[in-house]
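> Once you've had a glance at the structure underneath, I'll fire off some questions.
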Amino acid sequence: MGFQTTVPFDDQRPGTSGLRKAVSVFRQANYLENFIQSAFDRLTGLEGATLVVGGDGRYYNSAAIQTILQMAAANGVSRAVVGRDGILSTPAASNLIRKRRALGGFILSASHNPGGPDGDFGIKFNGANGGPASEVLTDSIYARSREIEGYRIRDGADINLSRLGEIGLGPMVVEVVDPVADYAALMDEIFDMAAIRALFAGGFRMVFDAMHAVTGPYAREILENRLGAGPGTVINGIPLEDFGGHHPDPNLVHAAELVAMLSGEGAPDFGAASDGDGDRNMILGRDFYVSPSDSLAVLAANAHCVPHFTGGLKGLARSMPTSQAADRVAAALGIPCYETPTGWKFFGTLLDAGKISLCGEESFGTGSDHVREKDGLWAVLMWLNVLAARRLSVAELVREHWRTCGRTIYGRHDYEGVATEGANALMAELRAGLAALPGSGLGGRAVATADDFSYTDPVDGSRSERQGVRISFADGARIVYRLSGTGTSGATLRVYLERYQPDPAGHETAATEALADLATLAAEHAGIARHTGRATPDVVT
Ligand code: G16
């Protein structure tokens, strides 16, 4: 055992989803150790506890895990459960924490951000419920990281993480487990696997793009081996340290290969993709894109087809910038719909308290009470189970939904890597102008309400302020502005646009066209070009 001195770091404040930085930042002397020891210092019950450790396999994953294990052993942890080769998707890690009644776990990933030596790395601590740590805990870890003077570490050789089984590491046992087994077993419990198998046996074809990220082995086992989807269903299925040089981000821009495969005559019936750590999802039908907001609404409306939900849904939740399509389903079902700040942790308290069964975000995240993270493959299986029960195509199912609940047309414009000063000035100006908006007109539209979203958690009473500027119009349209919490260079401005069409039949316009006026209005109102020097967004989804 050794005690090493360290230096406080002032840049270890976690963002929306843990600490995310360039690999070069993480590789500075003592940087990772500083964060891990700060977490250990702030956790209660560490002595004798079980910890889960794993990540998405990106560059620096293995080296970081070896350090964490030596530090865990030196800090009194009695068992570390690690995925083989250091691999665990984020939802699989959440499941393992819950199943093993662990104190929590470290999940190593920068999610959908690019990887490799010049890419990003990240780490977050998830607690005993399997979900991201509360803001109170992450703030306290951050505070500790600014005063810490040393860390405890064992001085030992790296251990072999490729062989399943138990290995002693000083006083601690390291248990290397199959990363897929427990997760696949959980999926078997939730879904009508026989119905999905019958769907594939009947000739239904799909493509799943694992984007050379963590879900490849999970998707092969579940879709190809267990459900009988044909070999080759999973593309880009081998996890690579640099994701093949791509952004492992399942959206229309970064999953362009999949989008092309799903278009035109002879295309498969269904397409899906997941991200770096396996918690995001994108859903496509033949020549048809399902926005994440619509996906949540359609799944909620059809959840009764899935064995896990036959007892009905307790409630729904969506992040504030996610469209209000889910609210309309909740109203029709007579159940509550909660609006939370961006960040999966806000769903955790609602799920733990049994207030909601399904939740989702516009940022390609959908999930339920089965774990405490969003879950990409689970969302794909939800769709497959619903399609198997309803025997409709993806497009037919969504259009049926629009006929019943109306169509909430949705789009997001991202301005990436803009100067932080300009982005902050833009938000400050928007905030300063909020009070004058309600009751006035903006671009010929009557403004109903305008505010900077704040949230009081209905379970633990915690308060989150300044979560994004939202302007709601009398006709149901909405513009939301917020700065991303997951970027690693400069600031990313996100502008979220939505319009409601109660009766879309016969005039189904493409979302970009239907939202064009609102997009211009949003850009002008915020002075985006003036503050950022950008005339157009980098990514439109
Ligand atoms: C993370 C959080 C999500 C959140 C997203 C927002 O996703 O887990 O709950 O919606 O960030 O990102 P931003 O702040 O950039 O809009 P992930 O998949 O990156 O872990």
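The values are calculated or read from the model by the stated rules, or taken from the named source; none is laboratory data. Because the structure is predicted, anything quoted here is derived from the model rather than measured. Cβ sites come from the backbone with ideal geometry, for glycine too, and all protein chains shown count toward neighbours.
> State which residue pairs qualify: first residue more than 21 Å from Phe26 (Cα to Cα) and at pLDDT 95 or above and inside segment 473-500, second residue among the aromatic types (Phe, Trp, Tyr) and within 10 Å of the ligand (Cβ to nearest atom) in any location, beta carbons under 9 Å apart, and separation of 6 or more residues or different chains.
So the pair list comes out as Arg478/Tyr496; Ile479/Tyr496; Val480/Tyr496; Tyr481/Tyr496; Arg482/Tyr496.
> Of the conditions (1) outside any helix (DSSP H, G or I); (2) within 19 Å of the chain's Cα centre (by Cα); (3) closer than 22 Å to Ser62 by Cα, Ala92 satisfies every one except a single condition; which number is it?
Result: Ala92 fails condition (1) only.
> Can Thr536 be described as without any contact (Cβ under 8 Å) to a residue 12 or more places away in the chain and of a type in the set (Val, Ile, Thr)?
Here the answer is yes, as Thr536 does meet what is asked.
> Which condition from (1) within 16 Å of the ligand (Cβ to nearest atom); (2) surrounded by fewer than 16 Cβ atoms within 10 Å (Cβ to Cβ) is the one that Thr16 breaks?
Here Thr16 clears every test but (2).
> So is Ala519 surrounded by fewer than 17 Cβ atoms within 10 Å (Cβ to Cβ) and of a type in the set (A, V, I, L, M) or not?
no
> Right, next: Looking at segment 13-25, can you tell me whether even one residue there is in contact (Cβ under 8 Å) with a residue 12 or more places away in the chain and in contact with a Leu (Cβ under 7 Å, 6 or more places away or on another chain)?
Taking every residue of segment 13-25 in turn, none turns out to be in contact (Cβ under 8 Å) with a residue 12 or more places away in the chain and in contact with a Leu (Cβ under 7 Å, 6 or more places away or on another chain).
> So which residues in segment 89-123 are within 13 Å of the ligand (Cβ to nearest atom) and under 23 Å from Ala181 (Cα atoms)?
The answer is Ser89, Thr90, Pro91, Ala93, Ser94, Ile107, Leu108, Ser109, Ser111.
> Would you mention how many residues in segment 465-496 are under 18 Å from Thr342 (Cα atoms) and under 20 Å from the mean Cα position of the chain (by Cα)?
17
> Checking the condition closer than 22 Å to Glu513 by Cα, outside any strand (DSSP E or B) and touching a helix residue (DSSP H, G or I) at 6+ places or on another chain (Cβ under 8 Å), which residue from Val495, Val398 passes?
Going through Val495, Val398 in turn, just one is closer than 22 Å to Glu513 by Cα, outside any strand (DSSP E or B) and touching a helix residue (DSSP H, G or I) at 6+ places or on another chain (Cβ under 8 Å): Val398.
> Looking at Glu241, Glu189, Glu221, Glu257, can you tell me which residue is more than 16 Å from the ligand (Cβ to nearest atom) and either buried (at least 23 other Cβ atoms within 10 Å of the Cβ) or part of a loop (DSSP other than H, G, I, E, B) (or both)?
Only one candidate passes the filter, namely Glu241.
> When you look at Thr340, is it closer than 22 Å to Val380 by Cα and within 19 Å of the chain's Cα centre (by Cα), yes or no?
So Thr340 fails the test.
> Separate question: For segment 463-492, what are the residues that are assigned to a strand (DSSP E or B), near the ligand (Cβ under 10 Å from one of its atoms) and crowded, with 20+ Cβ neighbours inside 10 Å?
Arg482, Thr492
> Using the structure shown, decide if Met320 is crowded, with 24+ Cβ neighbours inside 10 Å, within 16 Å of the ligand (Cβ to nearest atom), at pLDDT 95 or above and aliphatic (A, V, I, L, M).
Numbers: crowded, with 24+ Cβ neighbours inside 10 Å: no; within 16 Å of the ligand (Cβ to nearest atom): yes; at pLDDT 95 or above: yes; aliphatic (A, V, I, L, M): yes.
Considered against the rule, which asks whether it is crowded, with 24+ Cβ neighbours inside 10 Å, within 16 Å of the ligand (Cβ to nearest atom), at pLDDT 95 or above and aliphatic (A, V, I, L, M), Met320 comes out as no.
> Something else now. Which members of segment 387-396 meet the condition of being surrounded by 21 or more Cβ atoms within 10 Å (Cβ to Cβ) and out of contact with any Gly (no Cβ under 7 Å at 6 or more places or on another chain)? Break it down stepwise before answering.
Keep residues of segment 387-396 that are surrounded by 21 or more Cβ atoms within 10 Å (Cβ to Cβ), which gives 387-388, 394.
Within segment 387-396, Leu387, Ala388 meet the criteria.
> Regarding segment 327-338, can at least one residue be identified that is surrounded by 23 or more Cβ atoms within 10 Å (Cβ to Cβ) and part of a helix (DSSP H, G or I)?
Yes: one or more hits.
> Kindly state which helices (runs of 4 or more DSSP H) lie completely within segment 13-75 and contain at least 1 residues that are closer than 19 Å to Glu373 by Cβ.
On the way: elements: 23-26, 31-42, 61-74.
Ranges flagged: 31-42, 61-74.
> Quick test for you: out of Gly203, Gly130, Gly115, Gly122, pick the one residue that is under 23 Å from the mean Cα position of the chain (by Cα), at positive phi, outside any helix (DSSP H, G or I) and modelled with pLDDT of 95 or more.
Selected residue: Gly130, the only one of Gly203, Gly130, Gly115, Gly122 that is under 23 Å from the mean Cα position of the chain (by Cα), at positive phi, outside any helix (DSSP H, G or I) and modelled with pLDDT of 95 or more.
> Shifting gears a bit: Of the conditions (1) within 15 Å of the ligand (Cβ to nearest atom); (2) within 15 Å of Asp457 (Cα to Cα); (3) of a type in the set (D, E, K, R), Asp352 clears all except one; give me its number.
The failed condition is (1).
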